[in-house]
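Right, one structure below, let's go through it.
The values are calculated or read from the model by the stated rules, or taken from the named source; none is laboratory data. Computed from a prediction, not measured in an experiment: that's the story for all the values here. When we count neighbours, we look across all protein chains shown, and the Cβ atoms used for this are built from the backbone with ideal geometry, even at glycine. What goes into the accessible areas is simple: the full protein's heavy atoms, side chains included, and nothing from ligands, DNA or RNA. Shrake-Rupley method; radii C 1.70, N 1.55, O 1.52, S 1.80 Å.
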Amino acid sequence: MVDFIADYYKTIENFPVLSQVQPGYLRELLPDSAPTHPEPLQHIFDDIQAKILPGVTHWQSPNFFGYYPSNSSIAGFLGEMMSAGLNIVGFSWITSPAATELEMIVLDWFGKMLKLPEEFLSAGKGGGVIQGTASEAVLVVLLAARDKILRRVGKNFLEKLVVYASDQTHSALQKACQIGGIHPENCRVLRTNSSTNYALSPNVLNEAISNDVTGGLIPFFLCATVGTTSSTAVDPLLELGKIAKSNEMWFHVDAAYAGSACICPEYRHYIDGVEEADSFNTNAHKWFLTNFDCSVLWIKDRNALIQALSTNPEFLKNKASQANLVVDYKDWQIPLGRRFRSLKLWMVLRLYGLENLQSYIRNHINLAKQFEELVAQDPRFEIVTPRLFSLVCFRLLPPHNDETCATKLNHGLLEAVNSTGKIFVSHTVMSGKYLLRFAVGAPLTEERHVNAAWKLLQDEASALLATL
């Protein structure tokens, strides 16, 4: 299997980046029931090569520029292998003390790399925990915030609780509200625009809160973002945090995408104001060379999570837990069971070290700068939002400034480049404009891949414009 994976990486550029299969393709290729007798491993490898890989979109390809980074590394592989080999179910300290204690230690390491306030570290009342995804992270803190406010105002006031975020906030917050019983009409999705580079305006937030308080509602949760999915916009944490504090709201910072960049001193200012936050989340599995899944959540008051999520059935009781001597991570998350995920983050931090991780992020940002410069030099294209990290949002300008055909034109360009299989880019819509997103972040991406991608985009744009 190791040889197979190694060969896959050697040949990864030979595959179409975006899978070119049609829906339902695999059912036609595989039997409709499991085998009665064991099959040779080689037959399975043959099937992976012939039937599975054609249906894979190759996120680790150096020509993958869609969505956001989703990193893997040899260090991450090694941690995954060890975790799979030990195969522990570390829901409480007693079930594998090393799993709990290593997680606490490596998240303190990571928190110090980000220069998070000490309240987020495990020596105090807070600490870090690895969740599966940022969606799980925002859900558990929303539940903690909900229960905290209901203990204060009374459980019958659920229908009056209000959540605030911008229209650039990840849809995971909407799902968390649905699960948490927050009434849909009490989820304030506040408009952003190009005047703030799509960051949430403190004035807009203040006005919304004021209107809700006047209407007898209870503001209780604010989610800010550092690196929105569409354009890597950054909300003004310090100003928003002060508004949240003055209204006794829980303040959560979702830095799933861009948080990793803040280990570099020159980007740390993007999380200035995190000291006002109650919780902070970043995805090590996005841009930190740690294989999926590894979403890191820090919280200032661990008891808020525990009160919302703890269960204590008889069969889980043990001396260490009963004496409150240990952390039991089952009470910090939705599921009971959990994998030994801290191993892979530990491996990454030790095998790379801070300096190499900083260089890795800086390299991607420099490649994105180069791509941005190439786009800016071609008058047929427009860069629509400022590049903050390693994402460039741009579009092909319609002939004669005819905005009616702009969406069709750029959708056509997206389809054309992706159907070649040579690269993969994704899109978004901002202020009514259909944009292409070029996200640099795959571990194997080099300058030559960025240049080749730009040439392909130019060629396909020329072909499209020639048909108009």
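Some points to look at:
- Elements of the type strands (runs of 3 or more DSSP E) sitting completely within region 383-468 and holding at least 1 residues that are touching a residue at least 40 places away in the same chain (Cβ under 8 Å), surrounded by 15 or more Cβ atoms within 10 Å (Cβ to Cβ) and more than 25 Å from the chain's Cα centre (by Cα): these cover 391-396.
- In the set (1) surrounded by 17 or more Cβ atoms within 10 Å (Cβ to Cβ); (2) in a loop (DSSP other than H, G, I, E, B); (3) in contact with a Gly (Cβ under 6 Å, 6 or more places away or on another chain), Ile182 fails one condition alone, (3).
Every residue, every condition in (1) open to solvent by less than 70 Å² (accessible area, probe 1.4 Å); (2) outside any loop (DSSP other than H, G, I, E, B); (3) out of contact with any Cys (no Cβ under 9 Å at 6 or more places or on another chain); (4) among the aliphatic types (A, V, I, L, M), yes or no:
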{"residue": "Ser33", "(1), (2), (3), (4)": "no, no, yes, no"}
{"residue": "Ile48", "(1), (2), (3), (4)": "yes, yes, yes, yes"}
{"residue": "Ile52", "(1), (2), (3), (4)": "yes, yes, yes, yes"}
{"residue": "Ser61", "(1), (2), (3), (4)": "yes, no, yes, no"}
{"residue": "Ala75", "(1), (2), (3), (4)": "yes, yes, yes, yes"}
{"residue": "Ser83", "(1), (2), (3), (4)": "yes, yes, yes, no"}
{"residue": "Ile88", "(1), (2), (3), (4)": "yes, no, yes, yes"}
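- Exclusive hit being over 28 Å from Val348 (Cβ atoms) and crowded, with 19+ Cβ neighbours inside 10 Å, set Leu222, Leu238: Leu222
- Condition check for Gly55: more than 27 Å from the chain's Cα centre (by Cα) and among the small types (Gly, Ala, Ser): no
- When Glu103 is tested against (1) among the charged types (D, E, K, R); (2) farther than 12 Å from Tyr329 by Cβ; (3) touching a Ser or Thr at 6+ places or on another chain (Cβ under 8 Å), just one condition goes unmet, and that condition is (2).
- Members of region 124-177 found to be part of a loop (DSSP other than H, G, I, E, B), of a type in the set (Gly, Ala, Ser) and surrounded by 17 or more Cβ atoms within 10 Å (Cβ to Cβ), listed by number: Gly126, Gly132
Yes/no matrix, rows are residues, columns are (1) within 26 Å of Leu78 (Cα to Cα); (2) open to solvent by less than 70 Å² (accessible area, probe 1.4 Å); (3) assigned to a helix (DSSP H, G or I):
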| residue | (1), (2), (3) |
| --- | --- |
| Phe340 | yes, yes, no |
| Leu343 | yes, yes, yes |
| Val348 | yes, yes, yes |
| Leu351 | yes, no, yes |
| Leu357 | yes, yes, yes |
| Arg362 | yes, no, yes |
| Lys369 | no, no, yes |
